[in-house]
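K.L.:
If you scroll down you'll find the structure; I have some questions about it.
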Amino acid sequence: MKCPACQHNGTRVVDSRPIDEMKSIRRRRECESCSYRFTTFEKVEEMPLIVVKKDGSREEFSREKVLRGLIRACEKRPVSLEVLEEVVFNIEKDLRRAGNPEVKSEEVGELVMNRLASIDEVAYVRFASVYRQFKDITVFIDELKDLLNKSPEDKKID
Ligand SMILES: [Zn+2]
């Protein structure tokens with residue numbers, strides 16, 4: 001990095017500390033030539049994650065929106081907010097790890113359902129029913145059948 005004072009191409013870091021929950025680092029630098037001190041910030045670039053809805057419209061992935069849906073599905077169920085926040089965190093992690101800047105809303109829904117299924121069956125069925133909007137009642141019945149046939153042992157634990 002060039003010194004802003006004398007343009008010398010060599011500086012050393014005299015101090016660095018993480019800020020903003022470790023998402024960025026503040027560095028104090030000193031020019032090796034004129035000893036001028038200045039500060040730089042290093043920040044992780046967060047890629048936008050776009051959700052493509054069924055009608056083709058797009059919106060940015062919203063943690064809040066997914067969390068709100070989960071809270072609604074888990075109403076009066078013994079599931080803590082902490083657990084739900086972790087679900088949202090993991091879903092976003094999965095989506096980002098896949099590396100596509102655009103994901104279909106169905107993919108997000110499937111991820112939510114998969115995670116919810118291993119947490120609370122009632123919440124899962126609620127979410128699945130709202131999510132699929134009863135467009136296909138047989139799908140909903142299949143989901144229920146699957147749940148009833150599943151023994152607790154082969155339930156997916158992630
Ligand atoms: Zn300098």
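The values are calculated or read from the model by the stated rules, or taken from the named source; none is laboratory data. Every value quoted in this text rests on a predicted model; they were computed, and no experiment measured them. Neighbour counts run over all protein chains shown; Cβ positions are idealised from the backbone, glycine included. Accessible surface is based on the protein model in full, side chains and every heavy atom, while ligands, DNA and RNA are left aside. Shrake-Rupley method; radii C 1.70, N 1.55, O 1.52, S 1.80 Å.
K.L.:
Working only within segment 79-109, note down all residues that are within 19 Å of R126 (Cα to Cα) and assigned to a helix (DSSP H, G or I).
P.N.:
Residues satisfying the conditions are L81, V83, L84, E85, V87, V88, I91, S105, E106, E107, V108, G109.
K.L.:
Of the residues R27, R17, R37, which is within 30 Å of P101 (Cβ to Cβ) and outside the structural domain of E102 (by the TED database)?
P.N.:
R27
K.L.:
So D55 clears everything in (1) assigned to a loop (DSSP other than H, G, I, E, B); (2) touching a residue at least 24 places away in the same chain (Cβ under 8 Å) except one condition, right? Which one?
P.N.:
(2)
K.L.:
Please identify the pairs in which a residue from segment 33-49 that is within 13 Å of I19 (Cα to Cα) has its Cβ atom under 8 Å from the Cβ atom of a residue that is hydrophobic (A, V, I, L, M, F, W, C) and within 14 Å of the ligand (Cβ to nearest atom), counting only partners at least 6 apart or on another chain.
P.N.:
Matching pairs, first to second residue: T40/M1.
K.L.:
Return a yes/no flag: does segment 30-50 have any residue that is in contact with a Leu (Cβ under 7 Å, 6 or more places away or on another chain), closer than 30 Å to E106 by Cβ and among the aliphatic types (A, V, I, L, M).
P.N.:
yes
K.L.:
Tell me the residue from R58, R28, R12, R17 that is modelled with pLDDT of 90 or more, farther than 30 Å from V130 by Cβ and open to solvent by 90 Å² or more (accessible area, probe 1.4 Å), please.
P.N.:
R12
K.L.:
Same structure, new question: Sort out which residues of segment 76-86 are without any contact (Cβ under 8 Å) to a residue 40 or more places away in the chain and either open to solvent by 30 Å² or more (accessible area, probe 1.4 Å) or not assigned by the TED database to the domain that holds F61 (or both), and write them in order of number.
P.N.:
K76, S80, L81, E82, V83, E85, E86, listed by residue number.
K.L.:
Could you list, in sequence order, all residues of segment 87-124 that are open to solvent by 50 Å² or more (accessible area, probe 1.4 Å), more than 22 Å from E59 (Cα to Cα) and charged (D, E, K, R)?
P.N.:
Selection gives E121 alone.
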